[in-house]
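Asks: Have a look at this one.
The values are calculated or read from the model by the stated rules, or taken from the named source; none is laboratory data. As the structure is a computational prediction, the values presented were derived from the model and not from experiment. Every residue, glycine among them, receives a Cβ derived from its backbone with ideal geometry; neighbour counts consider all protein chains shown. All accessible areas refer to the heavy atoms of the entire protein, side chains included, with ligands and DNA or RNA removed. Shrake-Rupley method; radii C 1.70, N 1.55, O 1.52, S 1.80 Å.
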Amino acid sequence: QKEVEQNSGPLSVPEGAIASLNCTYSDRGSQSFFWYRQYSGKSPELIMFIYSNGDKEDGRFTAQLNKASQYVSLLIRDSQPSDSATYLCAVWTGNQFYFGTGTSLTVIP
Amino acid sequence: DGGITQSPKYLFRKEGQNVTLSCEQNLNHDAMYWYRQDPGQGLRLIYYSQIVNDFQKGDIAEGYSVSREKKESFPLTVTSAQKNPTAFYLCASSINRGSNYGYTFGSGTRLTVV
């Protein structure tokens, strides 16, 4: 079992819709959770992090964490074509970061 | 502006050749990391360093070597022992090894064997 698992996609949504990206992790003691956006051929950039159960909102982005279910998600509201990228979920276990393989998102104009 | 600079952006290696990838940061971060990214496999940790003159192997260290003589610099050498080096290499840094604030990544080096 991988430490962090994501559906590789591709996920396609129409412009203006809500994109929902999901991630599960195996280490129940994991402490903090991150979402990175990676455009093709570029390096990952941090867009959200969350430490506590519940929701955290930043502009059009909402991160959701459920530690009991070992599940973290990223919602993108009012999706734009510029949101088309691969989204990496990362988990800090207290000892090491683990990255998922990423979910490819395409926003269709 | 603070950040991480990786060079070169593209690198070509011949069979049996050692090549060195540069990584420099001016963020005053203690911890630095090297990752390899292959399609469909996500990021895999090669080496990391928490302080100057100290570094630890990651999950896939075989065929690679690093040094950390200065806080700002963490070069990665891909040796001839690395049989499948074609990949996208990412350098990252964080305030310290236990940082909860995530990583800052460099722009990456794409290495191709020719």
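Asks: Read through the list (1) under 26 Å from A:E3 (Cβ atoms); (2) of a type in the set (S, T, N, Q); (3) assigned to a strand (DSSP E or B), then give the number of the only condition that B:T77 fails.
Replies: For B:T77, the failing item is (1).
Asks: Please state which of the following conditions B:N26 fails to meet, knowing it meets all the rest: (1) among the polar types (S, T, N, Q); (2) open to solvent by 60 Å² or more (accessible area, probe 1.4 Å); (3) within 12 Å of chain A (Cβ to nearest Cβ).
Replies: Result: B:N26 passes all but (3).
Asks: Look through the stretch A:11-61, keep the residues that are assigned to a loop (DSSP other than H, G, I, E, B) and free of Cβ contacts under 8 Å to residues at least 24 places away in the same chain, and return whichever of them is farthest from the chain's Cα centre (by Cα).
Replies: Among those residues, the one meeting the criterion is A:G41.
Asks: Quickly run through the stretch A:71-91 and pick out the residues that are surrounded by fewer than 16 Cβ atoms within 10 Å (Cβ to Cβ) and either of a type outside the set (S, T, N, Q) or part of a loop (DSSP other than H, G, I, E, B) (or both).
Replies: A:Y71, A:R77, A:D78, A:Q80, A:P81
Asks: Something else now. Output the residues belonging to the stretch A:10-26 that are touching a strand residue (DSSP E or B) at 6+ places or on another chain (Cβ under 7 Å) and either open to solvent by less than 50 Å² (accessible area, probe 1.4 Å) or of a type outside the set (G, A, S) (or both).
Replies: A:P10, A:L11, A:V13, A:P14, A:E15, A:I18, A:A19, A:L21, A:N22, A:C23, A:T24, A:Y25
Asks: Take the residues in the stretch A:41-59 that are among the small types (G, A, S) and loosely packed, with under 12 Cβ neighbours inside 10 Å; name whichever of them is nearest to the other protein chains (Cβ to nearest Cβ).
Replies: Within the stretch A:41-59, the match that is nearest to the other protein chains (Cβ to nearest Cβ) is A:G41.
Asks: Still on this model: Out of the stretch B:78-114, which residues are within 9 Å of another protein chain (Cβ to nearest Cβ), at pLDDT 90 or above and either within 13 Å of B:Y10 (Cα to Cα) or open to solvent by 30 Å² or more (accessible area, probe 1.4 Å) (or both)?
Replies: The answer is B:F88, B:L90, B:T104, B:S107, B:G108, B:R110.
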